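A.B. asks: Supplied in structure tokens, the structure appears directly below.
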2 protein chains.
Amino acid sequence: MLVSANVSERMSEPPDIGVSVVILALGRASSEESGATDVATTRGNHDARPTLWIPLVRRIKQPFLGDWALPGGNLQSGTSLEDAARTALESTTQLRPRYLEQLYTFGDPSRSHGGLPMVTIAYWALIATTETTQLTGGENVRWFPTTDLPSLAFDHGDIIDYALTRVRNKVEYTDLATRLVGDTFTLSQLREVHEAITGTSLDPANFRRKMLSSGMLEATGSQLSNGKHRPAMLYRYVAHESPHQAHQRRPQGKARHGNAGHTT
Amino acid sequence: MLVSANVSERMSEPPDIGVSVVILALGRASSEESGATDVATTRGNHDARPTLWIPLVRRIKQPFLGDWALPGGNLQSGTSLEDAARTALESTTQLRPRYLEQLYTFGDPSRSHGGLPMVTIAYWALIATTETTQLTGGENVRWFPTTDLPSLAFDHGDIIDYALTRVRNKVEYTDLATRLVGDTFTLSQLREVHEAITGTSLDPANFRRKMLSSGMLEATGSQLSNGKHRPAMLYRYVAHESPHQAHQRRPQGKARHGNAGHTT
DNA sequence: TCAATAGTGTCTGTAAGACAGTATTAG
DNA sequence: CTAATACTGTCTTACAGACACTATTGA
């Protein structure tokens, strides 16, 4: 490999282009020490509050050999940015995203740290977790809670911070929270998602009223019996094109798959 | 130039990287037909409501020869994305931006239209206009009102639409409007900026109260006599780091120049 | 004087938060 | 029965919008 020779040669050429993805899912800390790469979801560990988890890939070459990095890959001509993000996402997790949005493009020359100059187009995605979802990865993939991240390669720590800031902002005025739960959910489950993302504790009565008056929830008619208390009504998310949301569509007239398109 | 031969050769390589800028300034339609590239600002034409104007560059080669395009250039290694945007901006307008923010990265393969595959990192900028500002450009540069744009190259029309959507959203909860006026301004001037961006008509009394209670304005003590009516107090913008705004800082810990950094 | 904009006062509707109270389940 | 969560009622505060009113200028 002629890496170090190439670096100086390429200073007058354009940088390479990478696409990386911050993948977020709701999970609970697993109490069993067997298989530390597993994350218990709704099943088991009902005492622990759920938090956001993220899959990272261990680097197998320099720089940052052995550190953890965001899933991603190089961009080829003929591939759209979003397709490149989907490819990185699905090859890492085998799970389909419920939401995918471009985050930011990072291109400061100082971020390459001895590698080739690289512009990284970052995306973020949300994955629904149900009682049976297993958040496991392959050989060099591991899920981490966002509250306890390992040493990260390049500026990937900054990228994750920015993604979390964006999620915290958008959960307040969009339907993001519904993308982290299953097709049907109770208002308590939805409230736990909000609490996990914002780090706050919300009044159940006020949260209920706010969600029901938003018009984006629809009662399914069935209930969920969860413990030694009154069962809760199950709801499902129903998209509704409010005038406000129509202003927040994505750029480009082309069709975009799999999300309701909220961008600011 | 071996352009057409290069296209097929490069299909397995990464696309080129361009940086384009949507530059916005407040202006009023000029009634004089002499010099159609001029835009009257606050001086003159007081009957016309101000609107957003944007400078475009005429293309001098294929594809889209003769059409208008966003100012921009190719990205070189060793240059940050923001510096590339500043370079494109200042070489086009000779004016310094009061605000600069990354907009979105466009990379769909279909957007090259016979040119080389190109990923475009779009920025948007705000320029302050005062009574004496002349919004003029060079030989192949012309300012257009955003309400009456010409035929645009590539997907630059989509990029402008998205920038305008972003501005409309952010003017509601940030200090963006103050970046389009001079250092001091009356509440009527500031209201006209909001009205120009949102396309609405705002109640002067309620707008005044909302702005003053936001804490971001400070009375200068001097007044502006404008016409045959009571003179208006002049205010200036004072940055205040509210807890809410602290959540909306930009990514990357590096220093960023010349704006208060509002990003969602 | 009038016309025009600057600026104040006040009412109403909406929505968020605090918090008391009722309903229904398991054990 | 108790403990736990589901769900309802209601009070307070804050703020946006509507709109009547006063203040000050140029002509």
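A.B. asks: Within region A:60-72, work out how many residues are open to solvent by less than 50 Å² (accessible area, probe 1.4 Å) and more than 14 Å from every other protein chain (Cβ to nearest Cβ).
C.D. replies: Here the count works out to 6.
A.B. asks: For B:L187, are the conditions met, namely being within 14 Å of DNA strand D (Cβ to nearest atom), more than 18 Å from the chain's Cα centre (by Cα) and within 21 Å of B:R98 (Cα to Cα)?
C.D. replies: Yes: the conditions hold for B:L187.
A.B. asks: What are the pairs, 6+ residues apart or on separate chains, where a residue within region A:138-151 that is in contact (Cβ under 8 Å) with a residue 12 or more places away in the chain has its Cβ under 6 Å from a residue that is outside any strand (DSSP E or B)?
C.D. replies: Qualifying pairs under 6 Å: A:V141/A:T92; A:R142/A:T37; A:W143/A:V39; A:W143/A:L135; A:S151/A:D67.
A.B. asks: Keeping to region A:73-107, report how many residues are in a helix (DSSP H, G or I) and either at the interface with chain B (Cβ under 7 Å from one of its Cβ atoms) or closer than 17 Å to B:Q102 by Cβ (or both).
C.D. replies: Number satisfying all stated conditions: 1.
A.B. asks: Does A:T174 satisfy the condition of being open to solvent by less than 40 Å² (accessible area, probe 1.4 Å) and either within 14 Å of DNA strand C (Cβ to nearest atom) or farther than 26 Å from A:R96 by Cβ (or both)?
C.D. replies: So A:T174 fits the description; yes.
A.B. asks: What pairs come up if the first residue lies in region B:84-105 and is aliphatic (A, V, I, L, M), the second is in a helix (DSSP H, G or I), and their beta carbons are under 6 Å apart, counting only those six or more places apart or on different chains?
C.D. replies: So the pair list comes out as B:L103/B:A163.
A.B. asks: Filter region A:73-99 for residues that are over 10 Å from A:V19 (Cα atoms), among the hydrophobic types (A, V, I, L, M, F, W, C) and buried (at least 22 other Cβ atoms within 10 Å of the Cβ) and give the result.
C.D. replies: A:L89
A.B. asks: Could you tell me which residue of region B:175-184 is farthest from DNA strand D (Cβ to nearest atom), considering only residues that are more than 14 Å from every other protein chain (Cβ to nearest Cβ) and not polar (S, T, N, Q)?
C.D. replies: B:D183
A.B. asks: Hey, another quick one. So which of A:E172, A:E195 ends up being within 14 Å of chain B (Cβ to nearest Cβ) and within 16 Å of DNA strand D (Cβ to nearest atom)?
C.D. replies: Just a single option satisfies the conditions, and that option is A:E172.
A.B. asks: Got a number for residues in region B:134-151 being open to solvent by 20 Å² or more (accessible area, probe 1.4 Å) and part of a loop (DSSP other than H, G, I, E, B)?
C.D. replies: 12
A.B. asks: Moving on to the next point. Can you tell me which residue within region B:108-128, out of those that are within 8 Å of chain A (Cβ to nearest Cβ) and modelled with pLDDT under 95, is least open to solvent (accessible area, probe 1.4 Å)?
C.D. replies: B:P117
A.B. asks: Answer yes or no: is there a residue in region B:236-247 that is within 11 Å of DNA strand C (Cβ to nearest atom), open to solvent by 70 Å² or more (accessible area, probe 1.4 Å) and either modelled with pLDDT under 95 or within 25 Å of B:A29 (Cα to Cα) (or both).
C.D. replies: Checked region B:236-247: no residue is within 11 Å of DNA strand C (Cβ to nearest atom), open to solvent by 70 Å² or more (accessible area, probe 1.4 Å) and either modelled with pLDDT under 95 or within 25 Å of B:A29 (Cα to Cα) (or both).
The values are calculated or read from the model by the stated rules, or taken from the named source; none is laboratory data. Bear in mind that the values here come from a model prediction, so they are computed numbers and not experimental data. Every residue, glycine as well, gets a Cβ built from its backbone with ideal geometry; the counts of neighbours run over all protein chains shown. Just so you know, the surface numbers come from the protein's heavy atoms only, side chains and all, with ligands and any DNA or RNA stripped out. Shrake-Rupley method; radii C 1.70, N 1.55, O 1.52, S 1.80 Å.
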